[in-house]
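> Sharing a structure below in structure tokens format, with a few things to ask.
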Amino acid sequence: MKRTVLKARNREALIEACLAEVAAHGYRDARLEDIAERAELSTGAIYSIFGSKRNLLAASMDQLAGELAAELDVLADPELPVGEVLRGAARVWMRMAASEGARDRFAFELEATAAALREPSPGQPIPVQRLRELLTGRRFRGGRTTGEQARRLSLAAHALLSGLAQRALLDPPSVSATEAEDAAAALVHLLC
């Protein structure tokens, strides 16, 4: 196997192992030795590829965020009105909450958020950035949404949809996909 292919495979295995370990034990209690063992690699591989546990956590967060951003790409049609983009985003979040492995992914996200609160890093999460891009220039009341309107909407939509998806994961009958879509679409009123 070529070195770059092997490194990419090892990187992926370590990220998946990190997701599982952090979800199961929390960031502080997830040991590099256990992550490496789960990935069937050595701790040296973690340091060689990521340099530190914190960098591995960041790469794992980026991968999850990138997967979510890719799911949102179905909303890239520039002719979709802003309300439909918000409804579509709600469908994406609710589908992810119902998917296999959702509990581990949401547990990881909560642990990663707690770690980020202790050691903040600059920048917005990738899903917020992608939502902002998708909401910019959308049809709304005879005009188009501005960058500032999209910024405000993306922050509110991300917070709302993450919360609703977590609620649906913990208590599935408590929130339906339709309710999530309606709540997301109601955010259009922030533009007034």
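> Any idea which residue in region 133-179 is surrounded by the fewest Cβ atoms within 10 Å (Cβ to Cβ), counting only those that are under 25 Å from Ala102 (Cβ atoms) and of a type in the set (Val, Ile, Thr)?
The selected residue is Thr178.
> Still on this structure, please answer the following. Regarding region 87-104, can at least one residue be identified that is over 15 Å from the mean Cα position of the chain (by Cα), modelled with pLDDT of 90 or more, crowded, with 16+ Cβ neighbours inside 10 Å and more than 20 Å from Leu19 (Cβ to Cβ)?
Yes, some residue in region 87-104 is over 15 Å from the mean Cα position of the chain (by Cα), modelled with pLDDT of 90 or more, crowded, with 16+ Cβ neighbours inside 10 Å and more than 20 Å from Leu19 (Cβ to Cβ).
> When you scan region 19-74, how many residues do you find that are of a type in the set (Val, Ile, Thr), crowded, with 21+ Cβ neighbours inside 10 Å and at pLDDT below 95?
Of the residues in that region, 1 qualify.
The values are calculated or read from the model by the stated rules, or taken from the named source; none is laboratory data. Please read these numbers as outputs of a predicted model, since none were measured by experiment. Positions of Cβ are backbone-derived with ideal geometry, glycine not excepted, and every protein chain shown enters the neighbour counts.
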